[in-house]
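Below is one structure, written out as structure tokens, with a few remarks after it.
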Amino acid sequence: MSYDEILVGYDGSADAGVALDWALDEAGRSGRPVRLAYVFEWLTVAGWIGPGVAPGIWPDETARRQVEELVRKAAADAAAERPGLSVQGEVFDGPPALVLQERSAEVGMLVLGSRGHGGFGGLLAGSTAVSVTAHAHCPVVVVRDGQPATSGPVVVGVDGSETSLLALGFAVERAAQRGVPLRALRVWEPPGLDPEEAAATERAAVEADLARWRESFPDVPVEIEVTPGNPAALLVEASRAAQLVVVGTRGRGGLRGMLLGSVSQQLIHHAHCPVAVVRER
């Protein structure tokens with residue numbers, strides 16, 4: 001594995017397929033290699049691992065071979081559909097959340113479906129996906145059910161915190177790759193001051209955060225929106241017209257509730273487009 005690699009949690013489910021498609025599109029723009037990861041958790045009782053895969057008591061080598069073939073075929077099909085991309089597959093052993101968290105230290109990005117089955121038996125929004133997003137060592141993209149949008153801006157929640165600045169850089173780069181506008185959303189709570197004065201102060205803070213990125217990516221149109229309200233609700237609403245919404249793992253100021261379990265978790269559950277959660281490596 002390498003820090004340039006995009007790792008995709010894959011178990012053969014429909015949502016995993018959507019996550020893989022998103023990762024392949026990202027790789028097509030960035031030139032990064034893609035690796036499919038099926039995490040095979042041995043069971044001590046009979047259980048269902050995936051489509052056509054039903055392991056018995058450990059060790060079930062037949063089930064393991066079926067999983068390996070599933071991943072091999074998915075990687076081969078993806079490589080055939082996307083000539084020029086490096087696509088590989090690998091089967092890992094262990095608890096899915098723990099294994100993915102460990103592997104995230106070795107890659108540049110981790111992509112997950114919002115739900116899964118089989119090797120990701122617990123991959124429902126709020127369980128494995130939330131756990132991995134909270135503890136991963138690289139940016140994690142959670143692709144919601146259905147076909148991700150391919151139009152609309154990249155939306156980023158910014159509040160001046162360190163992780164939101166990392167999210168801002170990630171978002172600007174994705175907007176530049178896609179040739180779409182960036183919408184920077186700063187949500188604040190009315191401080192009891194003059195609303196217009198407070199809004200101007202908040203907007204100036206966003207402009208300052210954007211300054212270095214405007215120099216690096218001058219062709220990316222940027223829309224700044226400063227508004228009072230609930231960060232999670234406003235970002236979820238903004239996701240309706242977006243192709244990607246980006247947040248940090250923690251925030252302060254207008255997004256000071258942006259801990260996994262609050263704003264980020266709400267987006268993982270309710271956003272209408274893929275969600276990228278960015279943290280410091």
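The values are calculated or read from the model by the stated rules, or taken from the named source; none is laboratory data. The shown structure was predicted, so the numbers you read here are calculated from the model rather than taken from an experiment. Note: ideal-geometry Cβ built from the backbone for every residue, glycine included; neighbour counts use all protein chains shown.
Starting from residues that are over 16 Å from the mean Cα position of the chain (by Cα) and on the phi < 0 side of the Ramachandran plot, keep the ones in the stretch 4-20 and report whichever is surrounded by the most Cβ atoms within 10 Å (Cβ to Cβ).
Looking only at the stretch 4-20, we keep the residues that are over 16 Å from the mean Cα position of the chain (by Cα), and these are 11-14.
Retained after the next criterion (residues that are on the phi < 0 side of the Ramachandran plot): 11, 13-14.
Numbers: D11: 30, S13: 20, A14: 13.
Top of the filtered list is D11.
Out of all the residues in the stretch 225-240, is one or more modelled with pLDDT of 95 or more and assigned to a loop (DSSP other than H, G, I, E, B)?
no
Among (1) polar (S, T, N, Q); (2) in contact with a Lys or Arg (Cβ under 7 Å, 6 or more places away or on another chain); (3) in a helix (DSSP H, G or I), there is one condition Q88 misses while meeting the rest; what is its number?
(3)
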